[in-house]
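So the structure is just underneath, and the comments pick up after that.
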Amino acid sequence: MLILTLRRLASMLLIMLVVSFLLFALFETDKLDVAGKVLGPYSSEEQREIWLEKNGYNEPFLKRYVVWVGNALRGDFGQSIQLKVPVSEVLGQRLANTGILALCLFLLMIPISLTMGIFAGMKEGSFRDRAISVTSVVTTSIPEFASATLLSAIFVFSLGWLPGTSSMSGGFDWKQLVLPVAVLLLYDLGYVARMTRASMAEVMTSQYIRTAILKGIPYRRVILKHALRNALIAPFTVIMLQLNWLLSGVIVVEVFFAYKGFGSLLYDAAVFGDIYVIEACTLVAVFVAVFSQFISDIGYTMLNPRIRF
Amino acid sequence: MSDQTPVLECKGLSISYYTRAGEIPAVVDFDLTVYPGETIGLVGESGCGKSTVAMAIMQHLGTNGGITGGEILFKGRDMTKMSDDELRKLRGSEIAMIYQEPFASLNPSMRCGEQLMEVPLFHEDITEKEARERARQILIDVKLPDPDRVMNAYPHQLSGGQQQRVVIAMGLLSNPSLLLLDEPTTALDVTVEAGIVKLIADISEKFNTAQIYISHNLGLILETCDRVFVMYSGEVVEEGTIDSLFTWPRHPYTHGLFGCIPLPTADKNAAPLRPIKGQLPLPHERPSGCYFHPRCNHAVAGRCDQQHVPMAHVTGSAEDHRVRCVRWQEIDHTAEAPGGEAKPAIEPGEKVLEVDRMKKYYEVHDRSLKAILSGQTTKYVKANESLNFTAHRGETVAIVGESGCGKSTFAKVLMGLETGTDGAIKVGDVDLSELGVRDRSAEQISALQMVFQNPFDTLNPSHSVGSQIARVIRRFTDENDEDKIRERVFELLDIVKLPRDFYYRRPRQLSGGQKQRVGIARAFAGNPAMVIADEPVSALDVSVAAAVTELLTDIQRENKTTLLFISHDLSVVRYLSDSIVVMYLGWIMERGTTDQIFNPPYNPYTEALLSAVPIADPEVEKREIVLEGNLPSVMNPPKGCPFSTRCPRRIGEICDNEPPPEQEAAPGHVITCHIPLEELREVEPVIHVPSPEERQSTSGAPRPSPDPAAAS
């Protein structure tokens, strides 16, 4: 187990290193372009050269990379071109906002989708299964921008119950969180529920469930004790992958509701060409992706006793 | 016995499955009475409805199955009318079941102890501590050597035999009055099977448990049961006591089954197997009249194909010997020869294969922290330890042994899927042991072909049968003319007795037996000098297996091919092979001609193996040798003789510490053992096959008269 953890950590570091190098090569090989981005389109060639010299850009490429990595590790991603503040400052705040969004989503999505999936998979082909499966397919097949528009039309414009934007300009407000979370939930819920259903249905047809039933133990215990743990192994991995999906998935929702989170930051940076913010955001996204994989690998071995090291 | 109340009575039980094609009657009009302490055998080929009966008794038919008629009385109460809660109270406490695949039947993520404790915890008013004590005690009762370890182990941490013991323990924990056993030993090795069978018999005798034993293995039924029911296509065709039914089978199907299994009286040349013609009908395509008549050699038009045949009592035989055949009184099975038509023997030719001190070690890297700290990260699995034997042209050489003995590893090295570690495998004059299959010439590859164990997985599902066989011809012969290749494929299909339009079929449209025929056609397509058959019939039903076995020997006879037959089943091996190599944990324990292996002197392992194979002939006498313990792990084999940990004839320290010497008992007969040959020669034969004169069933001893006049 310890060896596995160490090996996974090592490969995680390696992936981060490779990605960061590619990222750096992609954005900062063309030095003049960088200077152009920072100083604006109307800056002269001379100004750009001076800026480059001043900021150490005339050092060899590899040395620059090492310095950049060193700074990134200390949390220094440079200055945002658009916002004129250190990237780390914006990034931290925006990540926290998206974190709140993700936390609310997961707190609702995990229990609801697992319950739905388990109830559906318990008796494959039953009315309950059909109803839940159809619901999940419908909600998952509606894209986020469509459901965002639809929900806004109902709850903001017709009923007037909820605010249409979630910029939180007047301080934190729970009400502004409802619609973004609902849109994400609607999409993600069905997906995880269907995965859980498939896993549960498979477990329910397995021979050890037959053994448990024919042992004469109560049906409740068959489900809770015998089926559940085996059925949750697959959805666990899927849920961890949702973290990953969320980072890109939130862009549409955050931009739509003007929520000041990681997604809208990345979106703005990309539109503006704010390279330091893009670099930082990409690194964070890759880290989340790799780290969630790491957690799901470790969790998987803990859940499944057949894989122990 | 009949004055007792029966434990279970099935009266006119009919079970159907509901599918898209409509209602499919799986079991029709099934009657069964089980008295306390009695063991009932249900025999039949797959699809005959025997497992459906067991599931109906448990009232667990799934969502698409249902009982359409009749009743199941358990101690006088009709189970079909019970509520879920009443059923739950019966299951596991009064009626318990033991399953075919122990590993699949145990929950992989719960410790064995907890799974065992559930049984008393939910059926009796008992504390957790008492339940734990009970579970531990039952593990001792089923002879698991280390009950505390098993209690805390997950199922995957136990061997197959240990898992099955846990399943049995679970079934016996609440001391049920009826035990259902669905092929309980099919997934196990023969020597382990023998131990389990004895265990079940001992325990049910101790507790007077009634048993229903489901198996396709007639030999096992003979050893375990009091009464037997032979099922065919959803109904019982013959029932009777073991003695009456096995000695005088009356139904042509029962009789046919005995003709399909390689009994000690069968011989591939003098008395070959007689496969039953045709195939089992699908449940919704059953013929009118007797379901068996299209496959029956005695069927008479106008009598057998008219009305559904009722069960009739066999007059003159045991009281409960009944048969479902209109002509049972007219057919004299004893007039038939015991086997099929005699076929000429083949004379072995020149030496084709010489295996000289071949070794195959696998390196295993242990990456656990403990291994890294102790510096022992590399271990060797000695899959093959110095193999020596030869095979001649036209000869059949069998390699016998239980799982993990290295027989499949040897086949891999021979085929070039692995390379040998040391020694040589000479085919002709060339050493192939270090040539991987990619380094071999087309000629060398085509000389060695293989028939695989599982016909279901070995054919490419997306290519037609014809193109798969044609590819072999294109690859291994000089033929380029497409018409001639096609003609050759047709010929091969003729040879394996498949219709020519199978050329265009895909594997999924074929039954298991047909797929294996295609596998054989494919193997023989390139005119190989030697064919390696790895358990070619073990996945098939008896009647299909007999047909495939006969086909294989016929083609071999025709082409004078050398056949290397890999199997764990000694009865098929005895039937098929000219010489035998017995392997255990990578060692050759004994090798010699079939006669030499089956008669003393034996290696003690061969002796145990011979004793473990069930023989479906009540007049064959067998000495019982039950091996204790499990096969040692190949990762950590015994230091001396590999068999020393289980050997009933172990002579002392020398067995544990020194590798046994090869002793030549007769020319070509080598025994690897520390025990002096003189002592081994004094051992009694394990199997005694009565001569025809001694037999009741073929001599004039009392038997039911086939004459209708005498019977009425």
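The values are calculated or read from the model by the stated rules, or taken from the named source; none is laboratory data. Remember, predicted model here, so these are calculated numbers, not experimental data. Because the Cβ atoms are built from the backbone with ideal geometry, glycine has one as well, and the counts that use them run over all protein chains shown.
Starting from the stretch B:339-352, take each residue that is of a type in the set (Lys, Arg) and list its partners that are assigned to a strand (DSSP E or B), counting only C-beta distances under 9 angstrom and pairs at least six apart or across chains.
Close Cβ pairs (under 9 Å, with a partner that is assigned to a strand (DSSP E or B)) amount to B:Lys351/B:Thr390; B:Lys351/B:Ala391; B:Lys351/B:His392; B:Lys351/B:Lys426.
Can you pull out the residues in the stretch B:79-103 that are closer than 15 Å to B:Phe122 by Cα, assigned to a loop (DSSP other than H, G, I, E, B) and more than 8 Å from chain A (Cβ to nearest Cβ)?
B:Glu94 - this is the single residue of the stretch B:79-103 that is closer than 15 Å to B:Phe122 by Cα, assigned to a loop (DSSP other than H, G, I, E, B) and more than 8 Å from chain A (Cβ to nearest Cβ).
For the stretch A:281-288, check the following and say yes or no: at least one residue is outside any loop (DSSP other than H, G, I, E, B), away from every other protein chain (no Cβ under 14 Å) and over 30 Å from A:Ile3 (Cβ atoms).
Within the stretch A:281-288, one or more residues are outside any loop (DSSP other than H, G, I, E, B), away from every other protein chain (no Cβ under 14 Å) and over 30 Å from A:Ile3 (Cβ atoms).
Spot the failing condition for A:Thr5; the list is (1) within 14 Å of chain B (Cβ to nearest Cβ); (2) without any contact (Cβ under 8 Å) to a residue 24 or more places away in the chain, and only one is missed.
(2)
Being among the aromatic types (Phe, Trp, Tyr) and closer than 29 Å to B:Pro661 by Cβ is true for just one of B:Phe452, B:Phe389, B:Phe476, B:Phe456. Which residue is that?
Result: B:Phe389 is the single residue among B:Phe452, B:Phe389, B:Phe476, B:Phe456 that is among the aromatic types (Phe, Trp, Tyr) and closer than 29 Å to B:Pro661 by Cβ.
Out of A:Ala146, A:Ala131, I need the residue that is of a type in the set (Gly, Ala, Ser), under 26 Å from A:Ser264 (Cβ atoms) and exposed (fewer than 15 other Cβ atoms within 10 Å of the Cβ). Which one?
A:Ala146
Among the residues of the stretch B:140-152, are any within 14 Å of chain A (Cβ to nearest Cβ), free of Cβ contacts under 8 Å to residues at least 40 places away in the same chain and out of contact with any Pro (no Cβ under 6 Å at 6 or more places or on another chain)?
No, every residue in the stretch B:140-152 fails to be within 14 Å of chain A (Cβ to nearest Cβ), free of Cβ contacts under 8 Å to residues at least 40 places away in the same chain and out of contact with any Pro (no Cβ under 6 Å at 6 or more places or on another chain).
Could you tell me whether any residue of the stretch B:325-334 is among the basic types (Lys, Arg) and surrounded by 15 or more Cβ atoms within 10 Å (Cβ to Cβ)?
yes
Just to verify a result, which residue in the stretch A:199-210, among those that are among the small types (Gly, Ala, Ser) and more than 8 Å from chain B (Cβ to nearest Cβ), is surrounded by the most Cβ atoms within 10 Å (Cβ to Cβ)?
Filtering the stretch A:199-210 for residues that are among the small types (Gly, Ala, Ser) and more than 8 Å from chain B (Cβ to nearest Cβ), the one surrounded by the most Cβ atoms within 10 Å (Cβ to Cβ) comes out as A:Ser199.
Let's see how each residue does on (1) aromatic (Phe, Trp, Tyr); (2) under 18 Å from B:Gln100 (Cβ atoms); (3) at pLDDT 90 or above:
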position	(1), (2), (3)
B:Leu116	no, no, yes
B:Val142	no, yes, no
B:Pro147	no, no, no
B:Met151	no, no, yes
B:Asn175	no, no, no
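Give the residues of the stretch B:186-234 that are at pLDDT 90 or above and surrounded by fewer than 19 Cβ atoms within 10 Å (Cβ to Cβ), sorted by residue number.
B:Asp226, the sole residue that qualifies.
The rows are residues; the columns are (1) away from every other protein chain (no Cβ under 14 Å); (2) touching a residue at least 24 places away in the same chain (Cβ under 8 Å); (3) touching a Lys or Arg at 6+ places or on another chain (Cβ under 8 Å).
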position: B:Ser16; (1), (2), (3): yes, yes, no
position: B:Ile24; (1), (2), (3): yes, yes, no
position: B:Leu32; (1), (2), (3): yes, yes, no
position: B:Ile40; (1), (2), (3): yes, yes, yes
position: B:Gly44; (1), (2), (3): yes, yes, yes
position: B:Thr63; (1), (2), (3): no, no, yes
position: B:Thr68; (1), (2), (3): yes, yes, no
position: B:Arg77; (1), (2), (3): yes, no, no
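Only one of A:Leu105, A:Leu95 is in contact with a Phe, Trp or Tyr (Cβ under 7 Å, 6 or more places away or on another chain), in contact (Cβ under 8 Å) with a residue 40 or more places away in the chain and surrounded by 12 or more Cβ atoms within 10 Å (Cβ to Cβ). Can you tell me which?
A:Leu95
Going by what's in this entry, would A:Phe262 be described as closer than 30 Å to A:Ala153 by Cα, in the same structural domain as A:Ile100 (by TED's automatic domain parsing) and modelled with pLDDT of 85 or more?
It is true that A:Phe262 is closer than 30 Å to A:Ala153 by Cα, in the same structural domain as A:Ile100 (by TED's automatic domain parsing) and modelled with pLDDT of 85 or more.
Answer yes or no as to whether B:Gln115 is within 14 Å of chain A (Cβ to nearest Cβ) and without any contact (Cβ under 8 Å) to a residue 60 or more places away in the chain.
yes
Kindly indicate which of B:Glu385, B:Glu418, B:Glu402 is of a type in the set (Asp, Glu) and in a strand (DSSP E or B).
Answer to the check: B:Glu385.
Could you check B:Asn107 against (1) within 14 Å of chain A (Cβ to nearest Cβ); (2) over 13 Å from A:Ile213 (Cα atoms); (3) modelled with pLDDT of 90 or more and say which number it fails?
The one condition B:Asn107 does not meet is (2).
Any idea which of (1) more than 13 Å from every other protein chain (Cβ to nearest Cβ); (2) not in a loop (DSSP other than H, G, I, E, B) is the one B:Ala131 doesn't satisfy?
(1)
Could you tell me which numbered condition A:Ile213 fails, if it satisfies all but one of (1) within 11 Å of another protein chain (Cβ to nearest Cβ); (2) out of contact with any strand residue (DSSP E or B) (no Cβ under 8 Å at 6 or more places or on another chain); (3) surrounded by fewer than 21 Cβ atoms within 10 Å (Cβ to Cβ)?
(2)
Conditions: (1) crowded, with 18+ Cβ neighbours inside 10 Å; (2) at pLDDT below 90; (3) out of contact with any Leu (no Cβ under 7 Å at 6 or more places or on another chain); (4) more than 28 Å from B:His123 (Cα to Cα). B:Ser51 meets all but one. Number of the miss?
Here B:Ser51 clears every test but (4).
For the stretch B:170-214, how many residues are β-branched (Val, Ile, Thr) and in a loop (DSSP other than H, G, I, E, B)?
The number of residues fulfilling the criteria is 3.
Give A:Ala270, A:Ala234, A:Ala227 a once-over and let me know the one that is part of a helix (DSSP H, G or I), more than 8 Å from chain B (Cβ to nearest Cβ), in contact (Cβ under 8 Å) with a residue 40 or more places away in the chain and over 15 Å from the mean Cα position of the chain (by Cα).
A:Ala227
Considering only the stretch A:244-267, how many residues are closer than 19 Å to A:Val19 by Cα and in contact (Cβ under 8 Å) with a residue 24 or more places away in the chain?
Residues meeting the conditions: 4.
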